[in-house]
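K.L.:
Mind having a look at this structure? Questions to follow.
No lab work stands behind these numbers, since they all come straight from the coordinates. Nothing here was measured: the structure is a model prediction, and the numbers come from that model. Cβ placement follows ideal geometry from the backbone for every residue including glycine, while neighbour counts extend to all protein chains displayed.
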Amino acid sequence: MKTRVSTRSRVIRLLLHSRLDRMSAHQLASCLHMSPSTLRRRLRAENTSYQALLDAVRQHRCKRELARNWRPGKSIAQDLGFRETNSFYRAFNKWTGKTYTQYKKQFCNGSVTAL
């Protein structure tokens, strides 16, 4: 009996290993050999959405990158596929409850806690 991998898992796996600055929902659907509407429908059936999964992967990748070394927000924003650096800063504040500058000060002082 073959176990079917959820669409959610397939999307997360692709997002974790893709360049987010080049991966749109349309391109992701194409990689999964389905139409964008089929992707939306399958994710909705699993009580999630492309945007929710993208946000979770962005947060995970940001956390992983900042655990390795400090990088300017503009650089991380671009790697995470944010079109606007300010959008990244707003998302970062939502994830951590801190501004990127506050987080940087704690990071440089060695008193930073996990994201």
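K.L.:
For the charge dipole of the chain, defined by +1 on Lys and Arg C-beta atoms and -1 on Asp and Glu C-beta atoms about the Cα centroid, which residue among 93, 72, 31 has the Cα displaced farthest towards the positive pole?
P.N.:
Towards the positive end, the residue furthest out is 31.
K.L.:
How many lysine pairs in the chain, separated by 8 or more positions in sequence or lying on different chains, have Cα atoms less than 14 Å apart?
P.N.:
Numbers: 63/94; 63/98; 63/104; 74/104.
Total qualifying Lys-Lys pairs in the chain comes to 4.
K.L.:
While we're looking at this one, here's another question. Could you work out the relative contact order of the stretch 7-109, using alpha carbon pairs under 8 angstrom and six or more residues apart, expressed as a whole percent? Provide the component values of the computation, followed by the final result.
P.N.:
On the way: 72 pairs, mean separation 28.4, N = 103.
Computed over the stretch 7-109, the figure is 28 percent.
K.L.:
If you don't mind, another one. Check each of the chymotrypsin sites (Phe, Trp or Tyr not before Pro) in the stretch 41-102 and keep only those in coil by DSSP with at most 15 other C-beta atoms within 10 angstrom; list them in order. Walk me through the numbers before you get to the answer.
P.N.:
Working: sites: 50, 70, 82, 88, 89, 92, 95, 100; in loops: 70, 82.
Hits after loop and neighbour filter: 70.
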